[in-house]
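Structure first, then comments.
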Amino acid sequence: MKIVDLRSDTVTKPTPEMRRAMAEAEVGDDVFGEDPTVNRLQEMAAERLDKEACLLVASGTMGNLVSLLTHCGRGDEVILGDNAHTYNYEQGGIAALGGIHPRVVPNLPDGTMNLDDIEAAIRPENIHFPRTRLIAVENTHNRMGGVVLTPGYMASLGDLARRHGLRIHLDGARIFNASVALGVPAADLARDADSVMFCLSKGLSAPVGSLVCGSADFIAEATRARKVVGGGMRQAGIIAAAGIVALNSMVDRLAEDHANARFLAEGLAEFPGVAIDLGSVQTDIVIFALHRPDMTPQQLAEIMAERGVLFLPIGGDRMRMVTHYGIEREDIAYALEQIRQVLA
Ligand SMILES: *Cc1c(COP(=O)(O)O)cnc(C)c1O
């Protein structure tokens with residue numbers, strides 16, 4: 001049976017070029033800072049995002065955790081969106097492991113938080129209150145449908161943060177999707193952030209790894225945080241080698257994933273009972289709702305899985321599909337035809 005796996009862009013497998021680079025990678029002990037391939041990847045990433053330094057970590061979750069542990073102490077507060085990945089999908093690790101208090105502000109459909117809502121959430125100095133340290137934003141915004149935050153929004157957020165002496169963390173798991181969709185360098189989206197995390201293992205198709213980027217001082221502290229959560233790796237150049245290929249050759253092709261997502265979304269919009277905001281389909285993620293008395297999203301996902309079309313319900317009446325490397329336009333056409341047969 002043909003399988004069209006739209007569950008996530010994390011299902012992408014390393015390219016032949018990545019496997020070759022991994023096999024041939026020069027390595028050393030990265031806890032001693034002696035892995036030349038890791039060092040090269042970290043320097044490339046720093047240059048790409050125009051930050052002083054970067055740090056390879058095992059996953060996006062680890063990158064966000066290490067970043068927040070570096071910005072915030074126990075009892076400090078981070079302002080973040082109610083639909084943020086860090087708030088919903090990371091086991092509350094910032095609270096469980098870091099004693100960091102989350103202060104939640106609603107995410108708007110465009111992935112932003114209203115600046116007035118953020119300002120109102122900042123705590124004044126008062127012995128009763130936690131201390132606000134950080135604002136965390138997400139670009140692209142996963143749960144809001146892969147929408148992009150613009151350089152203009154980031155600049156306004158940066159002004160607000162500086163006015164209040166706060167730092168900004170950017171969960172840029174898919175920052176290169178945002179960069180390609182907007183046609184601006186990723187560095188422009190990262191400029192107002194004190195720290196940025198991005199993933200190599202999603203649309204960029206590397207098998208493992210994320211990077212945390214920031215000032216040299218920030219990265220020196222983040223390297224300690226990475227070690228305490230067990231993230232100090234040894235001959236990690238094997239992983240970094242694939243990451244170098246990802247940055248060099250997998251960024252520009254994300255435009256294909258975005259075009260396929262649009263084709264998919266426009267097809268879905270035609271089906272009875274499907275509600276979809278085409279304006280939210282800006283990158284590789286398609287979120288839509290099913291409004292039918294005869295079928296829940298869970299049931300639709302199960303029926304479609306039997307036909308080889310895989311995707312995930314994400315709560316309530318909503319489902320998510322993600323396009324990626326290895327999914328061609330003809331695969332989308334096949335998936336749409338299968339769904340049409342079930343929903344028609
Ligand atoms: C996937 C994702 C993460 C976490 O990355 P993992 O490598 O799966 O731990 C963090 N933030 C966002 C927005 C993501 O989509």
>> Pairs needed: first member in segment 250-276, among the β-branched types (Val, Ile, Thr); second member anywhere, buried (at least 18 other Cβ atoms within 10 Å of the Cβ) and assigned to a helix (DSSP H, G or I); C-beta distance under 6 Å; at least 6 residues apart or different chains.
In response: Val251/Phe176; Val274/Leu268; Ile276/Ala265; Ile276/Leu268
> Does any residue in segment 51-67 that is free of Cβ contacts under 8 Å to residues at least 40 places away in the same chain come within less than 9 Å, Cβ to Cβ, of a residue that is in a helix (DSSP H, G or I) and near the ligand (Cβ under 8 Å from one of its atoms) six or more places away or on a different chain, and which pairs are these?
Replying inline: Thr61/His85; Thr61/Thr86
> So which residues in segment 15-28 are open to solvent by 30 Å² or more (accessible area, probe 1.4 Å) and either outside the structural domain of Arg226 (by TED's automatic domain parsing) or of a type outside the set (Gly, Ala, Ser) (or both), if there are any at all?
Replying inline: Pro16, Glu17, Arg19, Arg20, Met22, Glu24, Glu26, Val27
> If you take the residues of segment 77-98 that are more than 11 Å from the ligand (Cβ to nearest atom) and open to solvent by 20 Å² or more (accessible area, probe 1.4 Å), which of them is nearest to Asn139 (Cα to Cα)?
Replying inline: Asp82
>> So for segment 113-122 (the condition being within 12 Å of the ligand (Cβ to nearest atom), at pLDDT 95 or above and closer than 30 Å to Val286 by Cβ), does at least one residue qualify?
In response: no
>> Within segment 193-221, take every residue that is within 14 Å of the ligand (Cβ to nearest atom) and of a type in the set (S, T, N, Q) and give me the one that is nearest to Gln42 (Cα to Cα).
In response: Ser210
>> For the list (1) open to solvent by 20 Å² or more (accessible area, probe 1.4 Å); (2) over 27 Å from Met22 (Cα atoms); (3) of a type outside the set (Phe, Trp, Tyr), I need the number of the one condition that Gly158 fails.
In response: (1)
> Among the residues of segment 39-76, which ones are touching an Asp or Glu at 6+ places or on another chain (Cβ under 8 Å) and in a helix (DSSP H, G or I)?
Replying inline: Ala46, Gly60, Thr61, Asn64, Leu65, Thr70, His71
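The values are calculated or read from the model by the stated rules, or taken from the named source; none is laboratory data. The shown structure was predicted, so the numbers you read here are calculated from the model rather than taken from an experiment. Glycine also receives a Cβ, built like all others from the backbone with ideal geometry; neighbour counts cover every protein chain displayed. Heavy atoms of the whole protein, side chains included, go into the accessibility calculation; ligands, DNA and RNA do not. Shrake-Rupley method; radii C 1.70, N 1.55, O 1.52, S 1.80 Å.
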